[in-house]
Each structure stands twice: as structure tokens, then as C-alpha cells.
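The structure appears right after this line, and notes come after that.
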Ligand SMILES: [Zn+2]
């Protein structure tokens, strides 16, 4: 019995010291994993990040919350969510939580994007930069002793983003005005930054919202492909939606290059790598189409 009590005491001491160490890192909850990744890139070891949407094989527009998430939210010191109608369940989770002092960041509000606009705002090149600066400020207030680290990490991140921005500028020079379309408006902001002329928006929004485009609308859309009015098609590889598949079949038949993009960030990558890989795929497809 004595042995058991000793064991319990040791266990208690260990868990208390664990709790103390744990408390030194800032608890961040991100509704989407790319914002969580950004928090990690800025906060380094001083943050403990939990991502809610993290699986690039699940359609984020169809996500619903579970009771387990209430606990996750209650432990958060910093919460990041997209807003712009992308993750309305977050507002509910926050409302029903016991949060008192958490810093809550709605990225849409932070970047002045109104509800009703294209919600895939993380592909807007400036979004991550604005959020990165905001996170460095918030983390420094919570943990002033690590302010220098956050400042350095912010600089590294912004230098990395400069590489992305330079790639975008170079591509824009080559491809400005090129007509393209997409199965969904997931890459819309990036296409705009590249100066591409995005057609067939009406069908893209219907597919995103999981609603049927009218037959006329869809026929007009397919015309763009069958008549080779578009050079490239961006495909949301994260949905297994029927109309998207149909569009891909027609695109393949017409030998129009397809660029697959994801909404959720794949595992084991950085924001810079993720952005550069979709830009590289876009560059390759546009170059092929312009041959
Ligand atoms: Zn989407």
C-alpha cells in the first residue's frame, strides 16, 4: 500500500510540473490548419496549436462541430477563424464557450473582407501577412519575454512571403489576361493576383454552396471548355462533387490542363511551400496551354 501511495505522489508531482511547463506556451486554436500553421511559424515553441479543419480529404463546407470541440475552445488563449461565412460553426462554438480573456481573430474582419465575398481569403496573398503581424503583436502581449523571438519569426515569415510575391509578379507578367475557369472559387483570389481572367463564376459558386446550377448556366459553362475559350481549369481536389467530376471529364476530353488545388493545407509543409507548389503547378499548366 505504501508503495502505491508513493507511486501516486510521484505521479501527482509529475503531472503538476507538466502542467506548469505546459502553461508557459500559448494555447492557440485555429479553425483552419493553414492559420494554425502560421501561428506555429510565428510562435515557434512558445505556442501550442490545435487545428480544427485539418484533413485535406474532407469538404470543409460540409463540416459540423462535435461536443469535444467545446473543451478545446474553452482552453484557448488565442482563437483564429476565417469568417466570411466559411466557418459559421465557430461563432456558435465561441458563443457557447466559457471564454473570458481569449483574443479572437476573425480573419475576414481583420482583412476587411465583407460577408458574401469569396470566403477563400487565405489565397489572397496579403491575408497571411496581415495575420502574421497581428499574431506577433498578440503573442508578444501574452508572453513579453519572447517578444524578440516572435519578431524574428515574423521577419523570416515575411521574407518567405516575399519569395511567393515575387513568383506571383513574375507569373503575372507572363500570363496577365489569360482566360481560365474553375470548378469552385477556391483559388479565386490567387487567380486575381496573377491577373488571370476568371470565367464561369456563377457555376463555381453553385458548386461551392452544394446547389445545382441551372441547365442553361451549366451548358454555357461547358461551352467555355468545349470551345477552348479557357486555357486552364482550377479544380478543387477536396470535394468529390458530381458536377466537378463532370467538368473534369469534359476538360480532359478537350485536353485542357487541370490544376488541382486544396482548401485545407496538406500535412508536413510550410505556408511558403504550399503556396509555391500551387503556383508552380499553375505556371506549368499555363505554359503548356500557351504552347
Ligand atoms: Zn471552398
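Normalising the average separation of contacting C-alpha pairs (under 8 angstrom, six or more residues apart) by the number of residues puts the relative contact order of the chain at 17 percent.
In terms of the Cα gyration tensor, with a ≥ b ≥ c the square roots of its eigenvalues, is region 21-164 rounded because a/c is under 1.5, prolate because a/b exceeds b/c, or oblate? Oblate, since a/c reaches 1.5 and b/c is not below a/b. For region 156-291, the share of alpha carbon pairs falling in successive 5 Å distance bins from zero is 2, 10, 21, 23, 19, 13, 8, 3, 1, 0 percent.
Values of log10 I(q)/I(0) for region 41-88 across q = 0.22, 0.30, 0.32 Å⁻¹ run -1.02, -1.31, -1.33, by the Debye formula with one identical scatterer at each alpha carbon and no solvent. Annotation: the antiparallel percentage among DSSP beta bridges lying fully within the chain is about 0. With contacts taken as Cα pairs under 8 Å at a separation of at least 6 residues, region 120-219 carries a relative contact order of 26 percent.
To the nearest ten degrees, helix 242-253 and the longest principal axis of the Cα atoms of the chain are 50 degrees apart. If you take all C-alpha pairs in the chain, what percent of them are over 35 Å apart? Distances greater than 35 Å cover 27 percent of the Cα pairs.
Considering the chain as a Gaussian network with a 10 Å cut-off on Cα pairs, which listed residue, 268, 70, 118, attains the greatest mean-square fluctuation? Per the Cα network of the chain with a 10 Å cutoff, 268 tops the list.
Whole Å is fine, so just give me how far the alpha carbon centre of region 246-266 lies from that of region 147-172. Cα centroid to Cα centroid, the span is 29 Å.
Exposure proxy for 201, 265: other Cβ atoms within 10 Å of each Cβ, ordered fewest to most, give 201, 265. Our estimate of slack between residue 174 and residue 212, defined as 0.36 nm per intervening residue step minus the Cα-Cα distance, is 10.1 nm.
Stretched out fully, how many nm does the piece from residue 162 to residue 110 gain, at 0.36 nm a residue minus the Cα gap?
In short, 16.6 nm is gained.
Here the sum of -39500 (n - 2.57) over DSSP H runs of 4 or more residues, divided by the residues of the chain, equals -17000 deg cm²/dmol at 222 nm, to the nearest 500. The angle separating the long axis of helix 147-175 from the principal Cα axis of greatest extent in the chain is about 10 degrees. Rounded to the nearest 10 degrees, the angle from helix 271-289 to the longest Cα principal axis of the chain is 10 degrees.
Every read-out reported here was derived from the displayed coordinates using simple, explicitly stated rules and does not represent laboratory data. Being a predicted model, the structure only gives us computed values, none of them experimental. Backbone-built Cβ (ideal geometry, glycine too); neighbour counts: all protein chains shown.
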